[in-house]
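Chemist: First, the structure itself, so that you have it in front of you.
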Amino acid sequence: MTESTAPATLQEIDEAIAEMETYRERLVSDMTNMAQKAKISKSQMMTNLEPELNQIDQALQQLREQKAALVGAN
């Protein structure tokens, strides 16, 4: 069975953006706290975290572009 996916609604995109932003903030906060406990410098921690943050930022950019296209279409 194949299931067709309907285009995301504006509300779904807004919710996804909010969740991704919250996840990104929590990830940085949690990793900063763990780095402090492990006595790892913040710059070293950010270097290690940068690839994942870039992926999150790319996903957020795609969602924002999708939202702009949807708003522009209405």
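The values are calculated or read from the model by the stated rules, or taken from the named source; none is laboratory data. Note that the coordinates shown come from a computational prediction; the quantities given were computed from them, not determined experimentally. Methodologically, a virtual Cβ is constructed for each residue, glycine included, from the backbone with ideal geometry; neighbour enumeration extends over all protein chains shown.
Chemist: Six or more apart or on different chains, Cβ under 6 Å: which pairs go from a residue in segment 36-61 that's on the phi > 0 side of the Ramachandran plot to one that's at pLDDT below 95 and not small (Gly, Ala, Ser)? Could you list them?
Modeler: none
Chemist: Look through Met1, Met34 and report the one residue that is surrounded by fewer than 10 Cβ atoms within 10 Å (Cβ to Cβ), of a type in the set (A, V, I, L, M, F, W, C) and modelled with pLDDT under 95.
Modeler: Working: Met34 fails: surrounded by fewer than 10 Cβ atoms within 10 Å (Cβ to Cβ).
Met1 is the lone residue from the list that is surrounded by fewer than 10 Cβ atoms within 10 Å (Cβ to Cβ), of a type in the set (A, V, I, L, M, F, W, C) and modelled with pLDDT under 95.
Chemist: I'd like the full set of residues that are among the charged types (D, E, K, R) and exposed (fewer than 14 other Cβ atoms within 10 Å of the Cβ), limited to segment 45-72.
Modeler: Narrowing segment 45-72 to residues among the charged types (D, E, K, R): 50, 52, 57, 64-65, 67.
Scanning segment 45-72 gives Glu50, Glu52, Asp57, Arg64, Glu65.
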